[in-house]
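Peer 1: I am attaching a structure below and will ask some questions about it afterwards.
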Amino acid sequence: MQADKEAPRTIPASSGKQSGTTSGSEGRCAGQGGTRERMRNEVRNLGYQDGARALSPRSGGGGGTGGPSSGSGGQHRGAAGRKAGESVGASGAAPGASAGANGDTDRAVSARNVLACDEFMRSGIKGPEDVRAPTGVGGFEVTYDPADMIELVRIGAAVQFRNAIEIVDGRAVAQETGLSDLVMDLNNKFRKDPTQLVHAVSGWQWTEGEKTVWLARLESSVEERWSKQFRFYATDEGLCGVQALTCVDVDVKTGAQGPRDHLVIEVLKTPPDQALDLGRLVYGPGGPRDNRMILESDDVNGRKDAFGMESFTFEEAGSDMEQKSHVRLKAWSVRFKAGTATPPKIKANVQGQGPRIMDNARERYDLLCGVLGAFGFDEARLSFNFAGLGAEAVLQVGDGRPMVVADHEFGHVFGLKDEYAVDRGSEMRGDEKPAGKPSGHDELSRSQGLPGSVLENGDSLMSLGQALRPAYGAPFLWALKKVTRTNAWSDLKPAGSSTAAPDWGP
């Protein structure tokens, strides 16, 4: 099997969602382990009842006189009924009115479009179908429900919990490379006190309660981060405002991989302050169900070594930086060099000291800018923020939120590749990948009409942070086209479609 690169390392919820109306599930499309019916129920509450938008799919009322959506029943009839009322129904509203040939033609075309739309909405659920994106990574199940305009992306996962350290015949035994020295020290320290040894390794072993909590946290973290972030629009005139809202359902269980599982997740128990940086996805040649993910127990929480927030120290009550901060700042300037024309902004949260605290903080900021400029860093990316009394400056990249490794690794399950760069002198570990080089999903994103993707260290989830980017919708748009057997989908709302379909928000 082939391994995608693990979550980025260096030596050094979901507030990023699109806004929109939700219905009591903390922004998720469904509850934990949600079913398609749960998702339907929630999406039906996203504003369909507003008569100023579209006829309620639950009302059963049709469009105008003689419209193909008139009559009772039919969740699918909201948008079609409205169109029918505006077009087909209009022809019967004034029997004595005369219309030009162009008007008759337009009404005929509109009528055919409404009938085609109604037929599509009646055609039933498309899928489910297991797919692997053209990037050759990961795999998931995709289903599209035209009645509720949901693209359901389901990932089946078999979770296998492992202790990092076991007690065997009264001695600690490492279950993962990299722990040999620690285990040797523990055995030597507690060789005469087995009870203390058991206590010392307890943080490296699972309890049943911890397993239950971890499973729930994995589901909620991934679903909240990835659901309702991407919305696509049918571009065919005959589909009159049909949309697709992408919803992610992480379906986990413990034990061996089953016939509907797309991956096995091995989770190693480690204390929160003892991260081993093991997170990665290993993918094989067997298609969308041939994947294995390695995670640590704390990988469902934000990383403790937040890449987007790094502190540097000034000399006490002065404006000069400590020498070691100069050295680290040089590596930082390389690590966050621009890879695009619009690299992430940097907020410098600078503290001050002495009788003129604010002035001292400003002097320190000016020094910081000068040092970074000497290293070739674009000072225009920096902005000043007074951070009170103290001797530190914290450089915040973008929104500064720490990456949740599990959310990042599930990006690989969807078919995305890493976007973090590894330049010489950056203190990033791994094979060299210069900033500005196209990422592994750049071609897929561009093929779907979405923005490209390049390697650049910033606050993006497939880089070093937690923010989503438009390019990340590429696997979902590609899968939607595949399962519906039409390429007539786009992330751009067609002109004139704003009143023909439910309003999902901006």
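Peer 1: What about ASP236, is it out of contact with any Cys (no Cβ under 8 Å at 6 or more places or on another chain) and of a type in the set (D, E, K, R)? First the steps, then the outcome.
Peer 2: On the way: out of contact with any Cys (no Cβ under 8 Å at 6 or more places or on another chain): yes; of a type in the set (D, E, K, R): yes.
When the stated conditions are applied, ASP236 passes them.
Peer 1: So which residues in segment 164-183 are closer than 20 Å to ASP273 by Cβ and not charged (D, E, K, R)? Let's see the steps before the verdict.
Peer 2: Quick first cut of segment 164-183, residues closer than 20 Å to ASP273 by Cβ only: 164-165, 172, 174-183.
Hits for segment 164-183 are ALA164, ILE165, ALA172, ALA174, GLN175, THR177, GLY178, LEU179, SER180, LEU182, VAL183.
Peer 1: Within segment 305-341, which residues are of a type outside the set (Phe, Trp, Tyr) and in a helix (DSSP H, G or I)? Don't jump to the end; show me each part of the working.
Peer 2: Looking only at segment 305-341, we keep the residues that are of a type outside the set (Phe, Trp, Tyr), and these are 305-306, 308-311, 313, 315-331, 333-335, 337-341.
Selection gives GLN323, LYS324, SER325, HIS326, VAL327, ARG328, LEU329, LYS330, ALA331, SER333, VAL334, ARG335.
Peer 1: Restricting to segment 241-283, what's the tally of residues that are at pLDDT below 95, surrounded by fewer than 18 Cβ atoms within 10 Å (Cβ to Cβ) and of a type in the set (A, V, I, L, M, F, W, C)?
Peer 2: Selection size over segment 241-283: 1.
Peer 1: Using the structure shown, decide if GLN160 is of a type in the set (S, T, N, Q) and over 24 Å from the mean Cα position of the chain (by Cα). Steps first, please.
Peer 2: On the way: of a type in the set (S, T, N, Q): yes; over 24 Å from the mean Cα position of the chain (by Cα): no.
In short, no.
Peer 1: Mind listing just one residue for me: the one in segment 345-371 that is of a type in the set (A, V, I, L, M) and surrounded by 20 or more Cβ atoms within 10 Å (Cβ to Cβ) and, of those, nearest to the chain's Cα centre (by Cα)? Quick ask: steps written out before the conclusion?
Peer 2: Here is the first cut: in segment 345-371, the residues of a type in the set (A, V, I, L, M) are 346, 348, 350, 357-358, 361, 367-368, 371.
Retained after the next criterion (residues that are surrounded by 20 or more Cβ atoms within 10 Å (Cβ to Cβ)): 346, 348, 350, 361, 368.
Working: ILE346: 22, ALA348: 27, VAL350: 31, ALA361: 36, LEU368: 33 Å.
The residue in question is ILE346.
Peer 1: Return the total of residues in segment 208-255 being in a strand (DSSP E or B) and farther than 14 Å from ALA157 by Cβ. Can you show your working first?
Peer 2: Taking segment 208-255 first, the residues in a strand (DSSP E or B) are 231-234, 243-254.
Adding the requirement that they be farther than 14 Å from ALA157 by Cβ leaves 231-234, 243-247.
Selection size over segment 208-255: 9.
Peer 1: Still on this structure, I have one more. Evaluate the following for GLU379: is it out of contact with any Phe, Trp or Tyr (no Cβ under 8 Å at 6 or more places or on another chain) and over 30 Å from ARG356 (Cα atoms)? Don't jump to the end; show me each part of the working.
Peer 2: Numbers: out of contact with any Phe, Trp or Tyr (no Cβ under 8 Å at 6 or more places or on another chain): yes; over 30 Å from ARG356 (Cα atoms): no.
So GLU379 fails the test.
A quick yes/no check of all residues on (1) among the small types (Gly, Ala, Ser); (2) in contact with a His (Cβ under 8 Å, 6 or more places away or on another chain); (3) under 26 Å from VAL267 (Cβ atoms):
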site	(1), (2), (3)
GLY398	yes, no, no
VAL404	no, no, yes
ASP407	no, no, yes
GLY411	yes, no, yes
MET428	no, no, yes
GLU456	no, no, no
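Peer 1: Collect the residues in segment 123-173 that are assigned to a loop (DSSP other than H, G, I, E, B), among the aliphatic types (A, V, I, L, M) and either touching an Asp or Glu at 6+ places or on another chain (Cβ under 6 Å) or at pLDDT 95 or above (or both), keeping them in residue-number order. Spell out how you get there, then give the answer.
Peer 2: Of segment 123-173, the ones assigned to a loop (DSSP other than H, G, I, E, B) are 123-125, 132-139, 146-149, 164, 169-170.
Retained after the next criterion (residues that are among the aliphatic types (A, V, I, L, M)): 125, 133, 137, 147, 149, 164.
Across segment 123-173, the qualifying residues are ILE125, ALA133, VAL137, ALA164.
Peer 1: If I filter segment 225-271 down to residues being out of contact with any helix residue (DSSP H, G or I) (no Cβ under 9 Å at 6 or more places or on another chain) and aliphatic (A, V, I, L, M), which single residue comes out as farthest from ASP407 (Cα to Cα)?
Peer 2: Looking at the filtered set, the residue picked out is ALA256.
The values are calculated or read from the model by the stated rules, or taken from the named source; none is laboratory data. None of these values were measured; they are calculated from a predicted model. Here Cβ is always computed from backbone atoms with ideal geometry, including for glycine, and neighbour counts include all displayed protein chains.
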